[in-house]
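Only one structure is covered here, and it is reproduced in the block below.
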């Protein structure tokens, strides 16, 4: 194994029906299968899942919803995604998984407690961390960085819809440059929109490397866990 313990950040867009709003069960099946393959290597695997396929706090704010209320709605959306992933992992693949959330909802998920999360990992369970940080004004990227640091993960794997970090948006600019490696300061100084600045700064302070890669490409999650050079490494 390249790593003993990793945190995988899966965007909500990875669970929707290829650009549509909602949950696409075929996409859930694909992501779950990839997670199972990665877990089979023996790595301790924690997940942070986004909620953008269901609701985006910023869009709700622009529609007139109070920012704090909109952010809490987005956190609840991440719990919905976490539950469907847990159900798929356990009911189809027989892999024990636990949803832990920063927002109290004891009937459906455990509260996030750092030591308990680590014990679940050590017992071979997949831990799905939902509810963001439990506070408005913080993204799920920041939640992923914070949780990765708390559980002593060796790397933060950011699974997205693009295959790395580019100098501009590759979906709109055909002349962009893709980076194989970047420093934290490169990302901050050039304002590259790979993660929000708070998340990058947290990782820089704790020297936690970040790997950005395409989760849609078959086998990439397994490669990322195995330490293969795919995507863009920020360190």
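The values are calculated or read from the model by the stated rules, or taken from the named source; none is laboratory data. Remember, it's a predicted structure, so these values are computed and weren't measured experimentally. Don't worry about glycine lacking a Cβ; one is built from the backbone with ideal geometry, like all the others, and counts go over all protein chains shown.
Overview of results
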{"quantity": "Region 8-25 - residue that is touching a residue at least 60 places away in the same chain (Cβ under 8 Å) and buried (at least 19 other Cβ atoms within 10 Å of the Cβ) and, of those, nearest to residue 228 (Cα to Cα)", "calculated": "8"}
{"quantity": "Flag for residue 206 being out of contact with any strand residue (DSSP E or B) (no Cβ under 9 Å at 6 or more places or on another chain), farther than 26 Å from residue 27 by Cβ and modelled with pLDDT of 95 or more", "calculated": "yes"}
{"quantity": "Residue list for region 26-46, restricted to those being assigned to a loop (DSSP other than H, G, I, E, B) and either in contact with a strand residue (DSSP E or B) (Cβ under 7 Å, 6 or more places away or on another chain) or in contact (Cβ under 8 Å) with a residue 24 or more places away in the chain (or both)", "calculated": "41, 42, 43"}
{"quantity": "Given (1) surrounded by fewer than 21 Cβ atoms within 10 Å (Cβ to Cβ); (2) under 27 Å from residue 32 (Cβ atoms); (3) modelled with pLDDT under 95; (4) touching a strand residue (DSSP E or B) at 6+ places or on another chain (Cβ under 9 Å), number of the condition residue 151 does not satisfy", "calculated": "(3)"}
{"quantity": "Of all residues in region 184-195 being in a loop (DSSP other than H, G, I, E, B) and within 20 Å of the chain's Cα centre (by Cα), the one that is farthest from residue 114 (Cα to Cα)", "calculated": "192"}
{"quantity": "Every residue from region 74-89 that is buried (at least 16 other Cβ atoms within 10 Å of the Cβ), over 15 Å from the mean Cα position of the chain (by Cα) and free of Cβ contacts under 8 Å to residues at least 60 places away in the same chain", "calculated": "76, 89"}
{"quantity": "Index of the failed condition, residue 4 passing every other in (1) modelled with pLDDT of 95 or more; (2) surrounded by fewer than 16 Cβ atoms within 10 Å (Cβ to Cβ); (3) farther than 17 Å from residue 121 by Cβ", "calculated": "(3)"}
{"quantity": "Members of region 216-235 that are assigned to a loop (DSSP other than H, G, I, E, B) and crowded, with 23+ Cβ neighbours inside 10 Å", "calculated": "231"}
